[in-house]
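Trainee: Here's a structure for you.
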Amino acid sequence: MKAGIVGLVAAAFALFASPAEAAQQQNAYEAGVAARQAGQPAEARRLLMAWLADHPNDADAMLQLAYTDLALGNVDAAEAGFESVLRQAPDYTDARDGLAAVAARRASPAPDARGSVIVEGALSDLGGGARGWSEVAADIETAISPRTTIGARAAYYRRFAREDIEVVGRIGLHPSDDVWLRAFVGGTPNADFRPEVAVGGGIDWRVAHGNATVLTLDASYQRFPLQDVITVNPGVVQYLAGGKAWLTLRGIGTVDDGGPLQLGALARGDFVPASGWRVFAGASNGPDTDLGVVTRVKALFGGVEAPLSPRFGVTGSLAREWRDGPLDRTEFRLGLKARF
């Protein structure tokens, strides 16, 4: 009798212990996801690793661990994790988005950085024996919340022995995972050729994931000393190779002082060959306002961004412009970027 009672109790314990253990394991996965979403990647990694020790083929947990590694700055581990998910589930869109995020991180390292400072200068050689142009600018941007950034830019321009200093402030909003908004306002005190007043804004809308497709639209109003200019730029950005490359196509539409609409276009390609590196090249043909009046310009340009350290990088570019009139121009631009 006693042995039978003991056996019955043992069987009952086993009956209830197994579901409890399974629930505890399930909670480890859910707790890991919650910790990652709460901004606790180290705790998330511990919980997800514990879950995967017993469930090594759980693609969802592998995906969560890869995103956790990305948050911790373990870029190579994150890339390997996303690729493992795709080998198991080739159509897993979130894993392809993860590879795109890895490429973006390699193009802009320092994952804990909340902002950046850019200092750059440019020198131009003009045709026709004209005196060259020069430019120096400083730009700062910082995140004030997970979905809001603010920034400012101050630039000194010298054109034909005339000097202008232009100041612009801007804000960026990220109201949803697929939408980015931006707006700016600025101007130039005692302007000679830069805009006395400038206001504008834009939107990016991701309409496809994986090798993402992003539709863009920007519009601005600029009041120059000689004319008012309204510009509208619709475009599309197509990401390729898991986000390691992207192609930008942009239209240019300009109206000055109520005149006819002038149209143009720009095409540009970017490629990230390695972490922190980026190369780009493109061409454009359309209206330009560099001198404070709308001028037709054809251009070829290209450049490179290279890392100096996880938080510092250098950029350089070269552009050749063919303008209506004698002022063809070759510009060299050099910049230093610091992340904080």
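The values are calculated or read from the model by the stated rules, or taken from the named source; none is laboratory data. Computed from a predicted model, the values in this text were never measured in an experiment. Neighbour counts are summed over all protein chains in view; Cβ atoms, including those assigned to glycine, are modelled from backbone coordinates with ideal geometry. Note: accessible area is taken over every heavy atom of the protein model, side chains too, but ligands, DNA and RNA are not part of it. Shrake-Rupley method; radii C 1.70, N 1.55, O 1.52, S 1.80 Å.
Trainee: Looking at (1) under 26 Å from residue 141 (Cβ atoms); (2) assigned to a strand (DSSP E or B), which is the only condition residue 194 fails?
Mentor: (2)
Trainee: A further question on this structure: Looking at this structure, is residue 53 in a helix (DSSP H, G or I), open to solvent by less than 20 Å² (accessible area, probe 1.4 Å) and either touching a strand residue (DSSP E or B) at 6+ places or on another chain (Cβ under 6 Å) or modelled with pLDDT under 90 (or both)?
Mentor: For residue 53, the condition - in a helix (DSSP H, G or I), open to solvent by less than 20 Å² (accessible area, probe 1.4 Å) and either touching a strand residue (DSSP E or B) at 6+ places or on another chain (Cβ under 6 Å) or modelled with pLDDT under 90 (or both) - is not met.
Trainee: Suppose the filter is crowded, with 18+ Cβ neighbours inside 10 Å and part of a loop (DSSP other than H, G, I, E, B); does residue 313 pass it?
Mentor: So residue 313 fails the test.
Trainee: Hey, can you tell me all the residues within region 157-182 that are more than 20 Å from residue 118 (Cβ to Cβ) and either among the β-branched types (Val, Ile, Thr) or assigned to a strand (DSSP E or B) (or both)?
Mentor: Within region 157-182, 159, 162, 163, 173, 174, 175, 176, 179, 181 meet the criteria.
Trainee: If you don't mind, there's one more thing I want to ask. Among what's in region 64-99 and is out of contact with any Pro (no Cβ under 9 Å at 6 or more places or on another chain) and part of a loop (DSSP other than H, G, I, E, B), pick the residue that is least open to solvent (accessible area, probe 1.4 Å).
Mentor: 89
Trainee: Out of the residues in region 240-270 meeting the condition of being modelled with pLDDT under 95 and open to solvent by 70 Å² or more (accessible area, probe 1.4 Å), tell me which one is nearest to residue 74 (Cα to Cα).
Mentor: For region 240-270, the residue satisfying everything is 244.
Trainee: While we're looking at this one, here's another question. Considering only region 279-311, state which residues are among the β-branched types (Val, Ile, Thr) and more than 21 Å from the chain's Cα centre (by Cα).
Mentor: 289, 293, 294, 295, 297 - these are the residues of region 279-311 that are among the β-branched types (Val, Ile, Thr) and more than 21 Å from the chain's Cα centre (by Cα).
Trainee: Now, a different point. Within region 118-156, restricting attention to residues that are over 20 Å from the mean Cα position of the chain (by Cα) and outside any strand (DSSP E or B), which residue is modelled with the highest pLDDT?
Mentor: 132
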